[in-house]
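Here the structure is laid out as C-alpha coordinates; the discussion comes afterwards.
The values are calculated or read from the model by the stated rules, or taken from the named source; none is laboratory data. These figures come from a predicted structure and were not determined experimentally. Cβ atoms come from the backbone with ideal geometry, glycine included; neighbour counts cover every protein chain shown.
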Amino acid sequence: MSSVLTARARDLDADHAGTDLRSRFVLPEGVVYLDGNSLGALPTGVADAVADVVHRQWGERLIASWNEADWWGAPTRVGDRVGALVGAAPGQVVCTDSTTVNLFKVVVAAARMRPGRRVVLTDPASFPTDLYVTAAAARDTGLVVEHVSPADAPARIAELGDDLALASYSSVDYRTGELWDLPAVTRAAHAVGALVCWDLCHSAGVLPVDLDAHEVDLAVGCGYKYLNGGPGAPAYLYVAQRHQNAFDQPLSGWNGHATPFAMAPEFAPAAGIARGRVGTPPLLSMLALEAALAAYDDVDVADLRARSLSLTGYFLECLDTLLPDLEVATPRDDARRGSQVSIRHEGAYGVVQALIARGVVGDFREADIVRLGFSPMYLTHADVLRAAEELVAVLDGGEHERPEFAERAQVT
Ligand SMILES: Cc1ncc(COP(=O)(O)O)c(C=O)c1O
(Lines give C-alpha, C1' and ligand atoms only; values in the text may rest on other atoms or scores of the structure.)
Protein backbone atom coordinates (compact mmCIF):
# COMPACT_ATOMS: atom_id res chain seq x y z
CA MET A 1 0.00 0.00 0.00
CA SER A 2 2.85 2.29 0.87
CA SER A 3 4.25 1.95 -2.66
CA VAL A 4 0.95 3.23 -4.04
CA LEU A 5 1.17 6.19 -1.69
CA THR A 6 4.81 6.76 -2.66
CA ALA A 7 3.92 6.85 -6.36
CA ARG A 8 1.06 9.19 -5.62
CA ALA A 9 3.33 11.55 -3.65
CA ARG A 10 5.72 11.61 -6.61
CA ASP A 11 2.89 12.39 -9.05
CA LEU A 12 1.40 15.09 -6.85
CA ASP A 13 4.80 16.71 -6.33
CA ALA A 14 5.28 16.73 -10.11
CA ASP A 15 1.82 18.27 -10.60
CA HIS A 16 2.59 20.99 -8.06
CA ALA A 17 6.23 21.61 -9.00
CA GLY A 18 5.40 25.21 -9.94
CA THR A 19 4.60 26.11 -6.32
CA ASP A 20 7.52 24.35 -4.64
CA LEU A 21 9.16 27.28 -2.83
CA ARG A 22 11.34 25.30 -0.48
CA SER A 23 14.49 26.92 -1.88
CA ARG A 24 13.26 30.21 -0.40
CA PHE A 25 13.65 28.78 3.13
CA VAL A 26 16.37 27.59 5.45
CA LEU A 27 15.25 24.30 6.96
CA PRO A 28 17.25 21.71 8.86
CA GLU A 29 18.04 18.56 6.92
CA GLY A 30 15.78 15.60 7.69
CA VAL A 31 13.07 17.60 9.43
CA VAL A 32 9.45 17.64 8.26
CA TYR A 33 8.25 20.91 9.70
CA LEU A 34 4.53 20.85 10.40
CA ASP A 35 4.48 23.78 12.81
CA GLY A 36 4.45 26.74 10.44
CA ASN A 37 1.08 27.62 11.99
CA SER A 38 2.91 28.29 15.26
CA LEU A 39 6.27 29.65 14.12
CA GLY A 40 6.99 29.85 10.39
CA ALA A 41 10.33 28.69 9.00
CA LEU A 42 13.20 31.10 8.29
CA PRO A 43 13.15 32.57 4.77
CA THR A 44 16.58 32.73 3.14
CA GLY A 45 16.90 36.52 2.87
CA VAL A 46 16.10 37.34 6.49
CA ALA A 47 19.48 36.80 8.16
CA ASP A 48 21.32 39.10 5.72
CA ALA A 49 18.58 41.71 5.84
CA VAL A 50 18.65 41.79 9.64
CA ALA A 51 22.46 41.89 9.61
CA ASP A 52 22.26 44.95 7.34
CA VAL A 53 19.76 46.61 9.67
CA VAL A 54 22.01 45.95 12.66
CA HIS A 55 25.44 46.66 11.18
CA ARG A 56 24.80 49.37 8.63
CA GLN A 57 21.46 51.02 9.33
CA TRP A 58 21.85 51.02 13.11
CA GLY A 59 25.63 50.57 13.61
CA GLU A 60 26.81 53.08 11.01
CA ARG A 61 23.92 55.36 10.17
CA LEU A 62 22.54 55.51 13.71
CA ILE A 63 19.57 57.87 14.14
CA ALA A 64 19.72 58.91 10.46
CA SER A 65 18.13 55.60 9.51
CA TRP A 66 14.75 56.74 10.81
CA ASN A 67 14.64 58.93 7.68
CA GLU A 68 17.19 57.35 5.31
CA ALA A 69 15.86 53.81 5.67
CA ASP A 70 12.31 55.03 6.33
CA TRP A 71 12.09 53.23 9.63
CA TRP A 72 9.23 55.56 10.46
CA GLY A 73 7.19 54.37 7.49
CA ALA A 74 7.82 50.66 8.10
CA PRO A 75 4.49 49.85 9.85
CA THR A 76 2.36 51.04 6.92
CA ARG A 77 4.86 49.91 4.26
CA VAL A 78 5.01 46.36 5.68
CA GLY A 79 1.27 46.61 6.30
CA ASP A 80 0.64 47.10 2.59
CA ARG A 81 2.74 44.01 1.85
CA VAL A 82 0.65 41.95 4.27
CA GLY A 83 -2.47 43.58 2.83
CA ALA A 84 -1.62 42.23 -0.61
CA LEU A 85 -1.74 38.71 0.85
CA VAL A 86 -5.14 39.16 2.48
CA GLY A 87 -6.88 40.99 -0.34
CA ALA A 88 -6.60 44.51 1.07
CA ALA A 89 -5.80 47.44 -1.20
CA PRO A 90 -2.95 49.67 0.03
CA GLY A 91 -3.55 52.00 2.95
CA GLN A 92 -5.71 49.67 5.05
CA VAL A 93 -3.24 47.50 6.98
CA VAL A 94 -0.70 48.57 9.56
CA CYS A 95 1.87 46.28 11.17
CA THR A 96 1.85 47.02 14.84
CA ASP A 97 1.72 45.54 18.33
CA SER A 98 0.40 42.01 18.91
CA THR A 99 -2.80 40.38 17.72
CA THR A 100 -4.11 40.65 21.28
CA VAL A 101 -3.50 44.39 21.49
CA ASN A 102 -4.96 44.98 18.03
CA LEU A 103 -8.10 43.05 18.94
CA PHE A 104 -8.51 45.22 22.03
CA LYS A 105 -8.32 48.32 19.83
CA VAL A 106 -10.88 46.83 17.43
CA VAL A 107 -13.48 45.85 20.01
CA VAL A 108 -13.34 49.21 21.77
CA ALA A 109 -13.38 51.10 18.46
CA ALA A 110 -16.33 48.99 17.25
CA ALA A 111 -18.30 49.84 20.41
CA ARG A 112 -17.66 53.51 19.73
CA MET A 113 -18.59 53.13 16.04
CA ARG A 114 -21.90 51.45 16.90
CA PRO A 115 -23.15 53.39 19.95
CA GLY A 116 -26.31 52.08 21.58
CA ARG A 117 -25.71 48.52 20.45
CA ARG A 118 -25.13 46.11 23.28
CA VAL A 119 -23.58 42.85 22.07
CA VAL A 120 -20.27 41.55 20.79
CA LEU A 121 -20.50 38.03 19.40
CA THR A 122 -17.57 35.64 19.43
CA ASP A 123 -16.74 31.93 19.27
CA PRO A 124 -16.44 30.12 22.62
CA ALA A 125 -13.73 27.98 20.98
CA SER A 126 -11.66 31.04 20.00
CA PHE A 127 -7.95 31.13 20.79
CA PRO A 128 -8.03 32.11 24.48
CA THR A 129 -6.39 35.51 24.06
CA ASP A 130 -9.30 36.52 21.81
CA LEU A 131 -11.74 35.56 24.57
CA TYR A 132 -9.75 37.30 27.28
CA VAL A 133 -9.23 40.55 25.45
CA THR A 134 -12.77 40.68 24.07
CA ALA A 135 -14.06 40.30 27.63
CA ALA A 136 -11.67 43.03 28.81
CA ALA A 137 -12.70 45.42 26.04
CA ALA A 138 -16.37 44.65 26.64
CA ARG A 139 -15.95 45.40 30.35
CA ASP A 140 -14.41 48.77 29.50
CA THR A 141 -17.10 49.75 26.98
CA GLY A 142 -20.25 48.27 28.53
CA LEU A 143 -20.68 45.68 25.77
CA VAL A 144 -21.97 42.23 26.61
CA VAL A 145 -20.06 39.27 25.17
CA GLU A 146 -22.14 36.46 23.73
CA HIS A 147 -20.50 33.17 22.77
CA VAL A 148 -21.87 31.53 19.63
CA SER A 149 -20.11 29.17 17.22
CA PRO A 150 -19.39 30.67 13.79
CA ALA A 151 -21.64 27.99 12.29
CA ASP A 152 -24.60 29.35 14.28
CA ALA A 153 -23.58 32.99 14.02
CA PRO A 154 -25.67 34.06 11.01
CA ALA A 155 -28.92 32.92 12.65
CA ARG A 156 -28.05 34.49 16.00
CA ILE A 157 -26.96 37.72 14.31
CA ALA A 158 -30.36 37.96 12.60
CA GLU A 159 -32.09 37.50 15.99
CA LEU A 160 -29.93 40.13 17.67
CA GLY A 161 -30.61 42.66 14.92
CA ASP A 162 -29.65 46.20 15.94
CA ASP A 163 -28.53 44.98 19.36
CA LEU A 164 -25.35 43.66 17.74
CA ALA A 165 -22.32 45.93 17.56
CA LEU A 166 -19.62 43.48 16.42
CA ALA A 167 -19.24 39.87 15.32
CA SER A 168 -15.63 38.88 15.99
CA TYR A 169 -14.41 35.52 14.73
CA SER A 170 -11.32 33.60 13.64
CA SER A 171 -11.48 32.54 10.03
CA VAL A 172 -9.78 29.23 10.87
CA ASP A 173 -10.19 27.43 14.21
CA TYR A 174 -6.71 27.24 15.76
CA ARG A 175 -7.41 23.82 17.25
CA THR A 176 -9.36 21.87 14.62
CA GLY A 177 -8.29 23.76 11.50
CA GLU A 178 -11.91 24.29 10.44
CA LEU A 179 -12.31 27.11 7.92
CA TRP A 180 -15.41 29.14 8.69
CA ASP A 181 -17.70 30.88 6.26
CA LEU A 182 -16.31 34.42 6.35
CA PRO A 183 -18.58 35.78 3.60
CA ALA A 184 -21.76 34.40 5.24
CA VAL A 185 -20.99 35.77 8.72
CA THR A 186 -19.89 39.09 7.23
CA ARG A 187 -23.09 39.39 5.16
CA ALA A 188 -25.25 38.51 8.17
CA ALA A 189 -23.58 41.18 10.32
CA HIS A 190 -23.96 43.82 7.62
CA ALA A 191 -27.62 42.95 7.14
CA VAL A 192 -28.26 44.18 10.72
CA GLY A 193 -25.89 47.14 10.46
CA ALA A 194 -23.18 45.57 12.65
CA LEU A 195 -19.43 45.33 12.09
CA VAL A 196 -17.28 42.23 11.67
CA CYS A 197 -13.73 41.54 12.73
CA TRP A 198 -11.80 38.50 11.53
CA ASP A 199 -8.72 37.07 13.25
CA LEU A 200 -6.58 35.88 10.35
CA CYS A 201 -3.78 34.25 12.37
CA HIS A 202 -4.35 30.85 10.76
CA SER A 203 -5.36 31.93 7.29
CA ALA A 204 -3.14 34.80 6.14
CA GLY A 205 -0.59 33.61 3.63
CA VAL A 206 -2.10 30.17 2.99
CA LEU A 207 -5.57 30.86 1.65
CA PRO A 208 -7.28 33.78 -0.07
CA VAL A 209 -9.10 35.91 2.49
CA ASP A 210 -10.24 38.68 0.13
CA LEU A 211 -11.01 41.24 2.82
CA ASP A 212 -11.95 44.02 0.41
CA ALA A 213 -13.98 41.80 -1.89
CA HIS A 214 -16.08 40.55 1.04
CA GLU A 215 -16.38 44.07 2.47
CA VAL A 216 -14.90 43.01 5.80
CA ASP A 217 -14.77 45.90 8.25
CA LEU A 218 -11.90 45.02 10.55
CA ALA A 219 -9.28 42.30 10.86
CA VAL A 220 -6.25 41.36 12.94
CA GLY A 221 -3.54 38.73 12.65
CA CYS A 222 0.01 37.82 13.57
CA GLY A 223 3.24 37.91 11.60
CA TYR A 224 5.02 34.88 12.99
CA LYS A 225 2.94 31.95 11.71
CA TYR A 226 2.48 31.32 7.98
CA LEU A 227 3.89 34.78 7.18
CA ASN A 228 7.23 33.54 8.57
CA GLY A 229 8.12 36.85 10.25
CA GLY A 230 10.07 35.21 13.08
CA PRO A 231 9.51 34.78 16.82
CA GLY A 232 7.59 37.74 18.22
CA ALA A 233 7.10 39.35 14.79
CA PRO A 234 4.72 42.32 14.90
CA ALA A 235 1.06 41.69 14.23
CA TYR A 236 -1.22 43.65 11.91
CA LEU A 237 -4.51 45.50 11.94
CA TYR A 238 -6.87 46.05 8.99
CA VAL A 239 -9.41 48.83 8.99
CA ALA A 240 -11.39 49.20 5.76
CA GLN A 241 -10.87 52.60 4.21
CA ARG A 242 -14.54 53.56 4.68
CA HIS A 243 -14.24 53.17 8.47
CA GLN A 244 -10.90 54.82 9.05
CA ASN A 245 -12.18 58.28 9.97
CA ALA A 246 -14.51 56.76 12.55
CA PHE A 247 -11.93 54.28 13.90
CA ASP A 248 -11.42 55.75 17.35
CA GLN A 249 -9.10 53.26 18.98
CA PRO A 250 -8.41 53.50 22.70
CA LEU A 251 -4.60 53.39 22.78
CA SER A 252 -3.75 56.95 21.81
CA GLY A 253 0.00 57.00 21.39
CA TRP A 254 2.40 59.37 19.71
CA ASN A 255 3.07 57.04 16.75
CA GLY A 256 -0.61 57.27 15.85
CA HIS A 257 -0.69 61.07 16.12
CA ALA A 258 -1.45 63.27 13.11
CA THR A 259 1.74 65.27 13.69
CA PRO A 260 3.97 63.17 15.96
CA PHE A 261 6.96 65.49 15.84
CA ALA A 262 4.94 68.59 16.66
CA MET A 263 5.00 67.20 20.19
CA ALA A 264 1.53 68.60 20.80
CA PRO A 265 0.10 68.07 24.29
CA GLU A 266 -3.30 67.00 22.91
CA PHE A 267 -3.89 63.83 20.90
CA ALA A 268 -5.14 64.13 17.33
CA PRO A 269 -5.32 60.87 15.38
CA ALA A 270 -3.38 60.47 12.14
CA ALA A 271 -5.37 60.28 8.94
CA GLY A 272 -5.83 56.79 7.54
CA ILE A 273 -4.62 53.47 8.90
CA ALA A 274 -1.63 55.08 10.71
CA ARG A 275 -4.04 55.89 13.55
CA GLY A 276 -3.83 52.22 14.46
CA ARG A 277 -0.23 52.75 15.58
CA VAL A 278 0.59 53.25 19.25
CA GLY A 279 4.25 53.56 20.32
CA THR A 280 7.67 52.95 18.79
CA PRO A 281 7.63 49.61 16.94
CA PRO A 282 10.23 46.84 17.44
CA LEU A 283 12.12 47.65 14.25
CA LEU A 284 14.44 44.64 14.19
CA SER A 285 11.39 42.39 14.19
CA MET A 286 9.45 44.64 11.83
CA LEU A 287 12.25 44.62 9.26
CA ALA A 288 12.77 40.88 9.67
CA LEU A 289 9.08 40.46 8.82
CA GLU A 290 9.48 42.72 5.80
CA ALA A 291 12.42 40.64 4.55
CA ALA A 292 10.49 37.42 5.24
CA LEU A 293 7.56 38.59 3.12
CA ALA A 294 9.89 38.62 0.09
CA ALA A 295 9.36 34.84 0.08
CA TYR A 296 5.89 35.70 -1.27
CA ASP A 297 7.24 37.71 -4.22
CA ASP A 298 5.54 36.60 -7.46
CA VAL A 299 3.38 34.15 -5.53
CA ASP A 300 -0.37 34.00 -5.96
CA VAL A 301 -2.10 32.99 -2.71
CA ALA A 302 -4.72 31.11 -4.76
CA ASP A 303 -1.93 28.85 -6.06
CA LEU A 304 -0.68 28.31 -2.52
CA ARG A 305 -4.21 27.40 -1.48
CA ALA A 306 -4.37 24.77 -4.23
CA ARG A 307 -1.05 23.32 -3.05
CA SER A 308 -2.15 23.45 0.59
CA LEU A 309 -5.39 21.59 -0.13
CA SER A 310 -3.46 18.99 -2.08
CA LEU A 311 -1.02 18.49 0.82
CA THR A 312 -3.69 18.22 3.52
CA GLY A 313 -5.96 16.15 1.27
CA TYR A 314 -3.11 13.76 0.54
CA PHE A 315 -2.29 13.54 4.26
CA LEU A 316 -5.90 12.54 4.95
CA GLU A 317 -5.58 9.93 2.21
CA CYS A 318 -2.42 8.57 3.88
CA LEU A 319 -4.17 8.43 7.26
CA ASP A 320 -7.20 6.67 5.77
CA THR A 321 -4.90 4.05 4.26
CA LEU A 322 -2.36 3.62 7.03
CA LEU A 323 -4.30 4.51 10.19
CA PRO A 324 -8.00 4.16 9.36
CA ASP A 325 -9.08 4.17 13.03
CA LEU A 326 -7.53 7.51 13.85
CA GLU A 327 -9.96 10.30 14.77
CA VAL A 328 -9.45 13.33 12.55
CA ALA A 329 -10.76 16.61 14.00
CA THR A 330 -10.39 18.61 10.78
CA PRO A 331 -13.16 18.70 8.17
CA ARG A 332 -12.49 16.61 5.07
CA ASP A 333 -14.45 18.96 2.86
CA ASP A 334 -11.93 21.21 1.09
CA ALA A 335 -14.19 24.22 1.49
CA ARG A 336 -14.14 23.79 5.27
CA ARG A 337 -10.46 22.98 5.80
CA GLY A 338 -7.71 25.47 6.59
CA SER A 339 -4.06 24.53 6.06
CA GLN A 340 -3.90 22.10 8.94
CA VAL A 341 -4.89 18.60 9.96
CA SER A 342 -5.59 17.89 13.62
CA ILE A 343 -5.89 14.45 15.11
CA ARG A 344 -7.60 13.61 18.37
CA HIS A 345 -5.73 11.10 20.50
CA GLU A 346 -5.85 10.51 24.23
CA GLY A 347 -2.05 10.40 24.29
CA ALA A 348 -1.73 13.45 22.06
CA TYR A 349 1.08 15.13 24.00
CA GLY A 350 3.25 12.00 23.89
CA VAL A 351 2.42 11.44 20.22
CA VAL A 352 3.69 14.93 19.38
CA GLN A 353 6.88 14.46 21.40
CA ALA A 354 7.57 11.05 19.83
CA LEU A 355 7.00 12.50 16.36
CA ILE A 356 9.43 15.34 17.10
CA ALA A 357 12.03 12.78 18.18
CA ARG A 358 11.58 11.24 14.73
CA GLY A 359 12.02 14.59 12.97
CA VAL A 360 8.36 15.40 12.35
CA VAL A 361 7.60 18.64 14.16
CA GLY A 362 4.01 19.49 15.07
CA ASP A 363 2.47 20.69 18.29
CA PHE A 364 0.00 19.73 20.99
CA ARG A 365 -3.13 21.63 21.93
CA GLU A 366 -5.30 20.89 24.91
CA ALA A 367 -6.98 18.61 25.54
CA ASP A 368 -6.19 15.86 23.05
CA ILE A 369 -5.09 17.45 19.79
CA VAL A 370 -2.07 16.53 17.68
CA ARG A 371 -1.93 19.68 15.55
CA LEU A 372 -0.12 19.52 12.23
CA GLY A 373 0.20 22.68 10.13
CA PHE A 374 0.99 22.41 6.43
CA SER A 375 2.78 25.46 5.11
CA PRO A 376 2.43 24.99 1.36
CA MET A 377 5.53 27.04 0.66
CA TYR A 378 8.10 24.57 1.95
CA LEU A 379 6.38 21.20 2.22
CA THR A 380 6.13 18.47 -0.40
CA HIS A 381 3.84 15.49 -0.72
CA ALA A 382 6.89 13.31 -0.03
CA ASP A 383 7.24 15.12 3.33
CA VAL A 384 3.58 14.45 4.01
CA LEU A 385 3.97 10.73 3.39
CA ARG A 386 7.02 10.65 5.65
CA ALA A 387 4.99 12.35 8.42
CA ALA A 388 2.22 9.76 8.07
CA GLU A 389 4.72 6.88 8.12
CA GLU A 390 6.47 8.23 11.22
CA LEU A 391 3.07 8.53 12.89
CA VAL A 392 2.42 4.87 12.11
CA ALA A 393 5.79 3.96 13.62
CA VAL A 394 5.10 6.00 16.77
CA LEU A 395 1.67 4.46 17.35
CA ASP A 396 2.62 0.90 16.35
CA GLY A 397 5.63 0.98 18.64
CA GLY A 398 3.77 2.64 21.53
CA GLU A 399 6.53 5.25 21.52
CA HIS A 400 4.12 7.95 22.69
CA GLU A 401 3.75 6.11 25.99
CA ARG A 402 7.40 6.46 26.92
CA PRO A 403 7.83 8.36 30.20
CA GLU A 404 10.26 10.88 28.66
CA PHE A 405 7.47 12.00 26.31
CA ALA A 406 5.07 12.68 29.17
CA GLU A 407 7.07 15.53 30.67
CA ARG A 408 5.30 18.76 29.84
CA ALA A 409 7.49 21.59 28.60
CA GLN A 410 6.50 25.25 29.17
CA VAL A 411 5.55 25.63 25.49
CA THR A 412 3.66 22.70 24.04
C1 LIG B 1 -6.23 32.71 16.48
C2 LIG B 1 -5.13 33.35 17.30
N3 LIG B 1 -5.25 34.61 17.72
C4 LIG B 1 -4.27 35.20 18.44
C5 LIG B 1 -3.10 34.52 18.74
C6 LIG B 1 -1.99 35.10 19.54
O7 LIG B 1 -2.00 36.46 19.68
P8 LIG B 1 -0.69 37.29 19.98
O9 LIG B 1 -0.04 37.60 18.65
O10 LIG B 1 -1.17 38.50 20.65
O11 LIG B 1 0.20 36.46 20.84
C12 LIG B 1 -2.93 33.20 18.30
C13 LIG B 1 -1.68 32.48 18.63
O14 LIG B 1 -1.47 31.36 18.38
C15 LIG B 1 -3.97 32.61 17.57
O16 LIG B 1 -3.85 31.35 17.15
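Output the number of the condition that Ser285 fails; it satisfies all remaining conditions of (1) part of a helix (DSSP H, G or I); (2) of a type outside the set (D, E, K, R); (3) surrounded by fewer than 15 Cβ atoms within 10 Å (Cβ to Cβ). Just one mismatch for Ser285, condition (3).
The set of residues in segment 23-54 being surrounded by 13 or more Cβ atoms within 10 Å (Cβ to Cβ) and either farther than 30 Å from Arg386 by Cβ or charged (D, E, K, R) (or both) consists of Arg24, Asp35, Ala49, Val50, Asp52, Val53. Gln57 passes every criterion in (1) outside the structural domain of Trp198 (by TED's automatic domain parsing); (2) surrounded by 14 or more Cβ atoms within 10 Å (Cβ to Cβ); (3) over 20 Å from the mean Cα position of the chain (by Cα); (4) among the polar types (S, T, N, Q) apart from (1).
Among the strands (runs of 3 or more DSSP E) contained in segment 105-172, which hold 1 or more residues that are aliphatic (A, V, I, L, M) and touching a Gly at 6+ places or on another chain (Cβ under 9 Å)? First the steps, then the outcome.
Working: elements: 119-122, 144-147, 164-170.
Strands (runs of 3 or more DSSP E) meeting the threshold: 164-170.
Among the residues examined, Arg386 qualifies as charged (D, E, K, R), out of contact with any Ser or Thr (no Cβ under 8 Å at 6 or more places or on another chain) and closer than 20 Å to Ala17 by Cβ.
Determine, yes or no, whether Leu34 is farther than 20 Å from Ala291 by Cα and within 16 Å of the ligand (Cβ to nearest atom). Explain how you work it out, then say what you get.
Details: farther than 20 Å from Ala291 by Cα: yes; within 16 Å of the ligand (Cβ to nearest atom): yes.
Yes: the conditions hold for Leu34.
Would you mind stating whether Cys197 is under 10 Å from the mean Cα position of the chain (by Cα) and buried (at least 24 other Cβ atoms within 10 Å of the Cβ)? Full working, then the answer.
Details: under 10 Å from the mean Cα position of the chain (by Cα): no; buried (at least 24 other Cβ atoms within 10 Å of the Cβ): yes.
No; evaluated as a whole, the condition is false for this residue.
No other residue among Val216, Val172, Val192 is buried (at least 24 other Cβ atoms within 10 Å of the Cβ) and more than 11 Å from the ligand (Cβ to nearest atom) apart from Val216. Comparison of Gly83, Gly91, Gly40 shows that the only residue that is under 30 Å from Thr412 (Cα atoms) and of a type in the set (Gly, Ala, Ser) is Gly40.
Please state which one of Ala88, Ala84 is more than 16 Å from the ligand (Cβ to nearest atom), outside any helix (DSSP H, G or I) and under 26 Å from Leu179 (Cβ atoms). It would help to see each step written out before you state the result.
Numbers: Ala84 fails: outside any helix (DSSP H, G or I).
Going through Ala88, Ala84 in turn, the sole match is Ala88.
The single condition from (1) in contact with a strand residue (DSSP E or B) (Cβ under 9 Å, 6 or more places away or on another chain); (2) in the same structural domain as Thr100 (by TED's automatic domain parsing) that Gly313 fails is (2). The set of residues in segment 310-339 that are more than 25 Å from Cys201 (Cβ to Cβ), out of contact with any helix residue (DSSP H, G or I) (no Cβ under 8 Å at 6 or more places or on another chain) and part of a helix (DSSP H, G or I) contains only Asp320.
For Gly223, indicate whether it is modelled with pLDDT of 95 or more and surrounded by fewer than 24 Cβ atoms within 10 Å (Cβ to Cβ). So that I can check it myself, show each step before the final result.
Numbers: modelled with pLDDT of 95 or more: yes; surrounded by fewer than 24 Cβ atoms within 10 Å (Cβ to Cβ): no.
So Gly223 does not fit the description; no.
For segment 195-213, which residues satisfy the criterion of being within 12 Å of the ligand (Cβ to nearest atom) and in contact (Cβ under 8 Å) with a residue 40 or more places away in the chain? Across segment 195-213, the qualifying residues are Cys197, Asp199, Leu200, Cys201, His202, Ser203, Ala204. If only residues of segment 69-83 that are touching a helix residue (DSSP H, G or I) at 6+ places or on another chain (Cβ under 8 Å) and without any contact (Cβ under 8 Å) to a residue 24 or more places away in the chain are counted, the one that is surrounded by the fewest Cβ atoms within 10 Å (Cβ to Cβ) is Asp70.
In segment 239-252, is there at least one residue being part of a loop (DSSP other than H, G, I, E, B) and free of Cβ contacts under 8 Å to residues at least 60 places away in the same chain? Before the answer, list the steps.
Kept after step one, since they are part of a loop (DSSP other than H, G, I, E, B), are these residues of segment 239-252: 240, 247-252.
Next cut, free of Cβ contacts under 8 Å to residues at least 60 places away in the same chain only: 252.
Within segment 239-252, one or more residues are part of a loop (DSSP other than H, G, I, E, B) and free of Cβ contacts under 8 Å to residues at least 60 places away in the same chain.
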